[in-house]
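Beneath this line is the structure, given in structure tokens, with notes to follow.
The values are calculated or read from the model by the stated rules, or taken from the named source; none is laboratory data. What you see is a predicted model; the values in this text were computed from it and never measured. Every residue, glycine as well, gets a Cβ built from its backbone with ideal geometry; the counts of neighbours run over all protein chains shown.
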Amino acid sequence: MSSHQKGLWVTHAGVSSSIQDSGRCGFRRQGLAVGGAMDLHAFNWANKLLDNPPGSACLEIMLGGFQATAERDMTLALTGAYAEITLNGVQVCHWQTLTLRAGDRLAIGHSQSGRILYLALPGGIDSPMWFGSQSVVPRERMEGLGPIGANTRLLTRTLSEHASDRKVPASSRPDYQTELTLRVIPGYQIDRFSKDDLLRLTTSVYELTQQSDRMGFRLGGPALTDVPSGIISEGLTIGAVQIPGDGQPIVLLNDCQTIGGYPKPGVVASLDCHRLSQRLPGQTIRFEFTDIADAQNERRLFNRYFRHTRWVRSATGLVWV
Amino acid sequence: MISPVSEDALLVTLADAIHTELPQQIRAICQQLEARNWPWLQDLIPSYTTLLIVYDPDQIDFRQAAAAIRPALAKCTELSTSTTAPAPGSDERTIDLPVYYSEETGPDLKALAVACGLSMEAVITTHTARSYQVFAMGFAPGFAFMGEVDTAIAHPRRETPRQKVRRGSVGIANRQTAVYPVSSPGGWQIIGNCPTRLFDREKLSLLSTGDRVRFYSVSRQQYLDLGGEL
């Protein structure tokens, strides 16, 4: 076997690990979900640590429980949920680059804080491209486009050796334990909800339930009592807050269906969707309303930061260019 | 009406009730918008009475996007209200789909016939008698919501959805009908199976919003010859 066919050999794939990039663009009218990395904060940092082009495909490791062996010397980056991570049995930190020698064993325990880890390889992970993206949407059950299993080889797109050890600045490493307030951009159906229910939505504490996956997170708390009847099905976006008949909110996420008919008070700002995707069942969530212009500007700043910064020589932080 | 939805999407609402002419009108709007090749336009998701327009918020904001879209909307509304102009649906496609209607491919055929007070043959004749409009795509890749079926065979979804509905299954839910492009859980009343592939990774969805579909009945042997599975 030639050296370029050697990569990272996955021995335990964990609960669910799948290749994700920034998602599909322009295929929702076909009924195809957007997909893509759920937490673009941790995902962008994983790529940034290796100077990968923005949006390069990473492995999204849900809840940890992952083990792999390096088949050649390589540098990888690991960000996201907090778990016990070891290299040849010795505990290591993540939110930084890790240098592996051929034969080294990487093991990620079950996540204790946060839900998702991102593993990046130099130049991005190589995998088939469908619908303009490498993202995998497990619920669509497309042949050959499922989560990865054990005994899978992850290959890099480039052979460039990254010698530099880099760490994400401490201020950019999130604490996934804090209570999260989701900022909601009000939608045109907001007038169909009663004042009492909107007050209930924005003053109550909701708990994330077990029914939370890549399609969406179902919350539990004080139910809205005067839920408007269904609407004529219309196009949906990631972050849409659906209120079904039981009055308990569902926040739709990356693999959600493309159209739906539940009434919606609004849509959660994308940066808050990233934060939400890292929360585990039992954690608490609040809602507040925000303004679309504020949400758009925050997102622009977020995107610009990852596009227009470079590492300083000491590899401990970034500067604007 | 143009409403903001999220950081990267706005919704155009064309009517407050479902109407068979709307899918054609929405398709015409999509063509108008696509012809402009705006670099910020990312996706168009038509549904029964609405069009969700996805844009790149790094390039444009809601007000700018709405301002750009408004003239295209005005042009299409003008076309559809003018009686002299050609109908916006002049490029309408009709697609014929074969169906093997039977108890072995349609586990709800018999029960639906009984519930509607018809023979199984009458259900088949009624389902094939008219062409259907594709109102929306969604639920799964290539899944087309079509309507409206004759009230004589309209029937609500099953109370308990099936864990697995086979690929190609032809179903009825109230006055809508659809074909399952892939095996999935589902609650529609299944009356037969269509051997035609509705979604292909290379060619994408066979059907799109605004198309018309006509079903025709085929025998067990024809169904097998067309690649149908039992």
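Name the strands (runs of 3 or more DSSP E) wholly inside the range B:184-223 in which the number of residues that are in the same structural domain as B:D150 (by TED's automatic domain parsing) and without any contact (Cβ under 8 Å) to a residue 40 or more places away in the chain is 1 or more.
B:184-186
Any idea which of (1) within 14 Å of chain B (Cβ to nearest Cβ); (2) buried (at least 21 other Cβ atoms within 10 Å of the Cβ); (3) within 30 Å of A:P174 (Cα to Cα) is the one A:L208 doesn't satisfy?
(1)
Determine whether A:T181 is among the hydroxyl-bearing types (S, T, Y), in contact (Cβ under 8 Å) with a residue 24 or more places away in the chain, closer than 30 Å to B:V12 by Cα and in contact with a helix residue (DSSP H, G or I) (Cβ under 9 Å, 6 or more places away or on another chain).
So A:T181 passes the test.
Can you confirm whether the range A:211-232 contains a residue that is closer than 30 Å to A:T97 by Cβ and small (G, A, S)?
no
Quick check on the range B:120-151: of everything there that is within 13 Å of chain A (Cβ to nearest Cβ) and more than 11 Å from the chain's Cα centre (by Cα), which residue is modelled with the lowest pLDDT?
B:A140
Confirm whether B:I18 is under 19 Å from B:Q133 (Cα atoms) and touching a residue at least 40 places away in the same chain (Cβ under 8 Å).
yes
Can you confirm whether A:I148 is away from every other protein chain (no Cβ under 14 Å) and buried (at least 18 other Cβ atoms within 10 Å of the Cβ)?
Yes: the conditions hold for A:I148.
Enumerate the strands (runs of 3 or more DSSP E) found wholly within the range A:221-317, keeping only those where 1 or more residues are away from every other protein chain (no Cβ under 14 Å), more than 30 Å from A:S164 (Cα to Cα) and within 22 Å of the chain's Cα centre (by Cα).
Here the list reads A:250-252, A:284-289.
In the range A:7-34, which residues are within 14 Å of another protein chain (Cβ to nearest Cβ) and in a loop (DSSP other than H, G, I, E, B)?
The answer is A:S22, A:G23, A:R24, A:C25, A:G26, A:F27, A:G31, A:L32, A:A33, A:V34.
Count, please, the residues in the range B:24-79 that happen to be more than 7 Å from every other protein chain (Cβ to nearest Cβ), polar (S, T, N, Q) and on the phi < 0 side of the Ramachandran plot.
Of the residues in that region, 7 qualify.
Are there any helices (runs of 4 or more DSSP H) wholly within the range B:1-116 with 1 or more residues that are loosely packed, with under 13 Cβ neighbours inside 10 Å, modelled with pLDDT of 95 or more and assigned by TED's automatic domain parsing to the domain that holds B:G171, and if so which?
Passing ranges, in order: B:109-116.
Taking the range B:163-183, which residues are hydroxyl-bearing (S, T, Y) and assigned to a loop (DSSP other than H, G, I, E, B)?
B:Y180, B:S183
Name the residue that is farthest from the other protein chains (Cβ to nearest Cβ), counting only residues in the range A:94-144 that are free of Cβ contacts under 8 Å to residues at least 24 places away in the same chain and farther than 15 Å from A:A68 by Cα.
Filtering the range A:94-144 for residues that are free of Cβ contacts under 8 Å to residues at least 24 places away in the same chain and farther than 15 Å from A:A68 by Cα, the one farthest from the other protein chains (Cβ to nearest Cβ) comes out as A:H94.
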